[in-house]
Amino acid sequence: MENKTIGIVGGGQLGKMLTDSAHKLGFKVIILDPTPNSPAGLVADTQIVGSFKDRDKILELGEVSDYITFEIESANFEGLEELIKKGKIVHPNPQTLRIIKDKFEQKVFLKNYNIPVADFALINNIEDCKKQGEIFGYPFLLKARFDAYDGRGNFVIKNEQDISIAFEKLLKGSPLYGEKFVPFIKELAVVSARDTKENIESYPVVETIHKNNICHIVRSPAPVSEEIKEKANTLANEVLSALSGVGVFAIEMFLTESGEVIVNEIAPRVHNSGHHTIEAFNISQFEQHIRAISGMQILKLEKIKKHAVMVNILGEREGKADYKITTDGDDNSNSAHVHIYGKMDTKIERKMGHITVLGDNLEDTENKAIKTRSNISI
Ligand code: AMP
């Protein structure tokens, strides 16, 4: 019997790690990505070179795949819908993708389910933005509704003068919305998987540390009280009950000074806040996702060590990537797990790889991960 094929829309690092898990489970993998030799394309069986926003390319991918999934929200959802009509298996449900890919609609959806989110409002022009500034107070966030990731498409409006800069510089022509600034003390995330039999498995709540809107560090488990963990888990379960769909979902949240937990956003896919799961659990988010979308049962989770810390390797210059790791010999027993994504070009703050370290003590574990990062240039 021929091995079944998984088609993945998007060929970045998430697609690469999904491909590794799919291969482990005996699947063939075909990637759709516009960049030839994308990180996932390099390890997959084939890559179709084309835009994930192109309906026809999605149909082409569907033609040669048994199961279709995506690692990026900008995947053309009309194409995915058509594949379902043709009898193909697509997970998560494209209707769920349609809600989530529009960050404004996502907030409306969450609010309708009484899930706490920051106050938000549609902004169509500079005048709307000024009015919202008066309502929200400064600072507040102006956000692109579509195709915004790793902080691209977000602008913190500190005062009225910032408004025209934001409109001109960042947000030319894109539909926008505004969001009240949340003075959070921590950012938290829960990564959960749901299979076709509605089994749900959630990894323990993590803390994510962002700089310039980009995730730098993930601490698992989050160093917060049991009560806060409970709140975050309850919220994640509420989000999952509101949304239909099979596969992995990440729910990002803010924790405020008063102990309130509110949802920032949902990703209908594997996520940076779950990279540590490759080494820190018996089964990674990537393997859970492949199991779920191909109709297998997801597995119960077992933690390997008390703590895990993940540090992203972000680009520090513009140009061709040139990966080097040096060890200074003081700790060659340090079992840091280094992942390099194989991107040809580096850019400032581009996600080029990550490091995961497991340990019994959070501080030591984090220090080892940071030390390893400082020994890498890319
Ligand atoms: P996003 O891509 O919209 O999730 O935003 C990226 C990062 O920007 C978040 O992880 C936060 O660090 C920050 N951020 C987003 N929305 C808000 C908000 N309403 N208040 C304060 N910080 C925010």
**Prompt:** Is it fair to say HIS271 is in contact with a His (Cβ under 7 Å, 6 or more places away or on another chain) and modelled with pLDDT of 95 or more?
**Reply:** no
**Prompt:** Within the range 147-185, which residues are modelled with pLDDT of 90 or more, surrounded by fewer than 18 Cβ atoms within 10 Å (Cβ to Cβ) and more than 10 Å from the ligand (Cβ to nearest atom)?
**Reply:** LYS158, ASN159, GLU160, GLN161, PRO175, ILE185
**Qualifying positions in the range 120-146 - more than 9 Å from the ligand (Cβ to nearest atom), in a loop (DSSP other than H, G, I, E, B) and either within 26 Å of the chain's Cα centre (by Cα) or not small (Gly, Ala, Ser) (or both)** = ASN124, ASN125, TYR138, ARG145, PHE146
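Would you point out the residue of the range 209-226, among those that are away from the ligand (no atom under 15 Å from the Cβ) and not in a strand (DSSP E or B), that is surrounded by the fewest Cβ atoms within 10 Å (Cβ to Cβ)? Spell out how you get there, then give the answer.
Of the residues in the range 209-226, the ones away from the ligand (no atom under 15 Å from the Cβ) are 220-221, 223-226.
From the residues that got through so far, the ones that are not in a strand (DSSP E or B) too are 221, 223-226.
Details: PRO221: 17, PRO223: 13, VAL224: 20, SER225: 10, GLU226: 7.
In this case the residue turns out to be GLU226.
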**Prompt:** Can you pull out the residues in the range 186-208 that are surrounded by fewer than 17 Cβ atoms within 10 Å (Cβ to Cβ) and either among the hydrophobic types (A, V, I, L, M, F, W, C) or part of a strand (DSSP E or B) (or both)?
**Reply:** ILE200
**Request:** May I ask you to list pairs of residues, at least six apart or on different chains, whose Cβ atoms are under 8 Å apart, with the first in the range 365-377 being in a strand (DSSP E or B) and the second being among the aromatic types (Phe, Trp, Tyr)?
**Result:** ILE376/TYR323; SER377/TYR323
**Message:** For the range 247-260: of the residues being away from the ligand (no atom under 15 Å from the Cβ) and under 19 Å from THR277 (Cα atoms), which is surrounded by the fewest Cβ atoms within 10 Å (Cβ to Cβ)?
**Reply:** GLY247
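Anything in the range 49-88 that is among the β-branched types (Val, Ile, Thr) and surrounded by 19 or more Cβ atoms within 10 Å (Cβ to Cβ)? List them, or say none.
To start, the set of residues in the range 49-88 that are among the β-branched types (Val, Ile, Thr) comprises 49, 58, 64, 68-69, 72, 84.
Residues satisfying the conditions are ILE58, ILE68, THR69, ILE72.
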**Request:** Return the residue satisfying two criteria in turn: it lies in the range 110-119 and is surrounded by fewer than 20 Cβ atoms within 10 Å (Cβ to Cβ) and of a type in the set (A, V, I, L, M), and of such residues it is nearest to the ligand (Cβ to nearest atom).
**Result:** ALA118
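Listed here are the residues, each with its yes/no results for (1) closer than 28 Å to LYS24 by Cβ; (2) within 16 Å of the ligand (Cβ to nearest atom); (3) without any contact (Cβ under 8 Å) to a residue 12 or more places away in the chain; (4) over 18 Å from the mean Cα position of the chain (by Cα).
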{"site": "ILE48", "(1), (2), (3), (4)": "yes, no, no, yes"}
{"site": "LYS57", "(1), (2), (3), (4)": "yes, no, no, yes"}
{"site": "VAL64", "(1), (2), (3), (4)": "yes, no, no, yes"}
{"site": "SER74", "(1), (2), (3), (4)": "yes, yes, no, no"}
{"site": "GLU82", "(1), (2), (3), (4)": "no, no, no, yes"}
**Prompt:** Where residues in the range 227-246 are part of a loop (DSSP other than H, G, I, E, B) and surrounded by fewer than 22 Cβ atoms within 10 Å (Cβ to Cβ), which of them is nearest to the ligand (Cβ to nearest atom)?
**Reply:** GLY245
**Fill in**
Given the conditions (1) modelled with pLDDT under 95; (2) crowded, with 23+ Cβ neighbours inside 10 Å; (3) basic (Lys, Arg), every one holds for LYS107 apart from (1)
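The values are calculated or read from the model by the stated rules, or taken from the named source; none is laboratory data. Values in this document were obtained by computation on a predicted structure and should not be read as measured data. Heads up, the Cβs are rebuilt from the backbone with ideal geometry, glycines too, and the neighbour counts pull from every protein chain shown.
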